[in-house]
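Everything below concerns the one structure shown next.
The values are calculated or read from the model by the stated rules, or taken from the named source; none is laboratory data. Keep in mind that this is a model prediction, so the values were computed, not measured. Glycine also receives a Cβ, built like all others from the backbone with ideal geometry; neighbour counts cover every protein chain displayed. Surface areas here come from the heavy atoms of the whole protein model, side chains and all, with no ligands, DNA or RNA. Shrake-Rupley method; radii C 1.70, N 1.55, O 1.52, S 1.80 Å.
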Amino acid sequence: MKRATIILTSAVLIAACCGSPKSNLPVYLDTTKPLEERVEDALSRMTMEEKVALTHAQSKFSSHGVPRLGIPELWHTDGPHGIRPEVLWDEWNQAGWTNDSCTAFPALVNLAATWDRELSALYGKSIGEEARYREKDILLGPGINMGRTPLNGRTFEYMGEDPYLAAQLVVPYIKGVQEQGVAACVKHFAVNNQETRRTKTNSNVDDRTLYEIYFPAFKAAVQEGGAWAIMGSYNLWNGQYNCHNKRLLQEILKGEWGFDGVVISDWGGCRDDDEAANNGLDIEMGTWTNGLQGAASNTYDMYHLANPYLERLRDGRAKQEDLDDKARRVLRTIFRTSMGPETHYGSFTSPEHFAASRKIAAEGIVLLKNNGALPLNVDEISRQVRNDNSLPTILLVGENAYKMMVVGGGSSNLKTKYEIIPLDAIREAFEGKADVVWERGYVGDTRTDYNMVVTGQDLSESRSADQLKADAVAAAKEADVVIFIGGLNKSKHQDNEGTDREDIILPYGQDELIEALAEINPNLIVVNISGSPVAMPWADKVNAIVQAWYGGSENGHALADVLTGAVNPSGKLPFTMPKALADGPIKTERQYPGIEVEGLPYWEEYYDEGVFIGYRWYSTQNIPVQYPFGYGLSYTTFELSGASLSKGAVKAGSNVTVNVTVKNTGDKAGAEVVQLYVNDAEASVERPVRELKGFQKVYLQPGEARKLSFTLTPADLSFFDAEAHDWKLEPGDFHILIGNSSENLPIDLLLTVK
Ligand code: GLC
């Protein structure tokens, strides 16, 4: 309401003084005028002080507008999984409003696991509607940093280990958000692939690795997604902080890629007056100046882009045209969002949003193993009625069957209207057909609050670890079905912003507990709820394994939908599930978490593994993994056939069409993700033995077949030649590999590039 009032007031004032409002609106207020004309008109009316104000925060999550001209401030909000509860003016803690409990959508790694572009668009639209309804102009998400190490504390907030997958899914998400008149602020740019010392680590990465692995998703976000905002990351690259890194922001993002939106610093990521003024930062947020110990007046005037900037503009150390460029970008963002050409009202916690959340969560659940225990056949179980007519018992073991996960984890923390836990959803699904009981089995994270948001659960526990385990084992002896639901959580050194994990081994003695349960009940089903890879040494000893995620408000329902077969699982791993951390490409301290260097104010980290991260590493090195990138089973089966190339040999500059038919050969409807990888048989540089360059998700009825076509461009076959600073396609043989995981590619088509 407040925003509409401002614009209306200005229009009414103008109308009062000079005739009918429409014809005489100043250009910048006239939403029918072209964007750039509005920007130039507003800029021409502004003083230098007003332009400088646009470039920095006025509160924890808002940056200045131009009150004199009726141009509203910009409201920023976390996060990628839902709209953060209102915070106090100068605080991280929530303001305690009672009307800001949102829909919690699944973690982005869960979205990535769907491999579904349409679902990503639905996700963006839904979260964009929630942001607009809460009158927020900039959504601080999505995050698309590559999964270089499985230890990264924010793996759950990102979209896996492959740049093509992340690029393909981030584009529809951005469009969905921005169609609601809300800017997506894609983060964290760039090579911010860990939480350990994230604010003082200098990422040393060669250009080829940057352009092949760490840039593509950001470049797609800008050039295909049309992202209106990009967040600079806390770390350094080439010795300069990324929130004001000249090469990264001016030369590459704005120069090479033509980005016309705003670069926003991560909160507190801006550290230097001169660099902030001159290196391409447009809005400084969250800086820790002295006055920020409370809502002291003129606190924000101490920001690098506040009084220090004014001084530099006045004494010539900063250029007027740079200020105008910053101001244009901020005005463009305002005229794209709150003062955009269409009026959006959004919607909040609607049934459609919860349904979308449930659908996305379920579609991303990955069936890793199934020797027949799944889907749980409700009727079959309920037929096991004993002579005393008692119902069969389904035992759930594990803290994650009960613990709510939407609260916590850092800036993606949410206050949601509700969160369905697995225990309640599975009870609901088996109402009247089986008794569903729960044993905690171990104690993980007992916290139930974050930034003053509380879950209302009581996770306190008086039993010892041994007692908890003994109780679970004893209950398993009596149960007809045992489902272990464990994994990680949002506490420190788990899936949590600000800290990394210390290994990929399941914490809290879960491995031993799973083994003990498998001893008793060989039909054990294991559900791992996590946002990042875990080791599964017991995989051969259990009947079924499901990788579930932080699915948001409908997490429990989504899991129950898959366990009961209401939804046929179609998720595919967006990252490799290695057998052990040591199998990965990171072998030295200098690679991760970095090394201290005498006299340097930051740590040095070297991406020595180059482009060989994730499956690029494991498949090229022939290292066996627990479950590979792109892998996921279904309750039905699929078959690929009839693969062909439009031509077996191409000149270097032309496209190739790849055709293949996929058929549902089982008795249940389901979806398959057909994946296409390329292999350059002979290259002048070391290339991964396969790289994902195409995928399509198809939903098929039993017996139904669908012919798919992929278009391969020369860029898809090229590598980045750092010397030439350009992509290079070398003549020779390529193998076009098609299948349904990075390790199952039965189709191999030979393509010769002349
Ligand atoms: C945090 C995060 C960033 C978040 C911002 C505002 O430190 O790094 O992702 O959007 O600050 O909370």
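Things worth noting here:
- Considering each residue of segment 638-660 in turn, at least one proves to be within 27 Å of residue 539 (Cα to Cα) and touching a residue at least 12 places away in the same chain (Cβ under 8 Å).
- Residues in segment 482-510 that are open to solvent by 20 Å² or more (accessible area, probe 1.4 Å) and more than 19 Å from residue 147 (Cα to Cα): 491, 507, 508, 509.
- Segment 383-433 - residue that is open to solvent by 30 Å² or more (accessible area, probe 1.4 Å) and of a type in the set (Gly, Ala, Ser) and, of those, farthest from the ligand (Cβ to nearest atom): 390
- Considering only residues in segment 131-148 that are assigned to a helix (DSSP H, G or I) and more than 16 Å from the ligand (Cβ to nearest atom), the one that is farthest from the chain's Cα centre (by Cα) turns out to be 133.
- Test result for residue 623, at pLDDT 95 or above, buried (at least 24 other Cβ atoms within 10 Å of the Cβ) and assigned to a loop (DSSP other than H, G, I, E, B): no
- Lone unmet requirement of (1) open to solvent by less than 20 Å² (accessible area, probe 1.4 Å); (2) touching a Phe, Trp or Tyr at 6+ places or on another chain (Cβ under 9 Å); (3) part of a loop (DSSP other than H, G, I, E, B); (4) away from the ligand (no atom under 16 Å from the Cβ) for residue 280: (2)
- Meets criteria (assigned to a loop (DSSP other than H, G, I, E, B) and away from the ligand (no atom under 16 Å from the Cβ)) for residue 195: no
- Counting the residues of segment 229-258 that are in contact with a Ser or Thr (Cβ under 6 Å, 6 or more places away or on another chain) and open to solvent by 10 Å² or more (accessible area, probe 1.4 Å) gives 1.
- Helices (runs of 4 or more DSSP H) contained entirely in segment 19-127, each with at least 2 residues that are farther than 20 Å from residue 302 by Cα and at pLDDT below 95: 21-24
Conditions tested, residue by residue: (1) within 16 Å of the ligand (Cβ to nearest atom); (2) out of contact with any Ser or Thr (no Cβ under 7 Å at 6 or more places or on another chain).
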{"residue": "37", "(1), (2)": "no, yes"}
{"residue": "46", "(1), (2)": "no, yes"}
{"residue": "49", "(1), (2)": "no, yes"}
{"residue": "74", "(1), (2)": "yes, no"}
{"residue": "79", "(1), (2)": "yes, no"}
{"residue": "82", "(1), (2)": "yes, no"}
{"residue": "95", "(1), (2)": "yes, yes"}
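- Residues in segment 529-545 that are more than 19 Å from residue 159 (Cα to Cα) and touching a helix residue (DSSP H, G or I) at 6+ places or on another chain (Cβ under 7 Å): 537, 538, 541, 542, 545.
- For beta carbons closer than 9 Å, sequence separation of 6+ or different chains, a first residue in segment 176-194 that is farther than 16 Å from residue 163 by Cβ and in the same structural domain as residue 61 (by TED's automatic domain parsing) and a second that is of a type in the set (Lys, Arg) and surrounded by fewer than 24 Cβ atoms within 10 Å (Cβ to Cβ), the qualifying pairs are 176/125; 177/125; 178/336; 179/125; 180/125; 181/336; 183/336; 184/175.
- Filtered residues of segment 149-166 (kept if open to solvent by 10 Å² or more (accessible area, probe 1.4 Å) and not in a loop (DSSP other than H, G, I, E, B)): 155, 164
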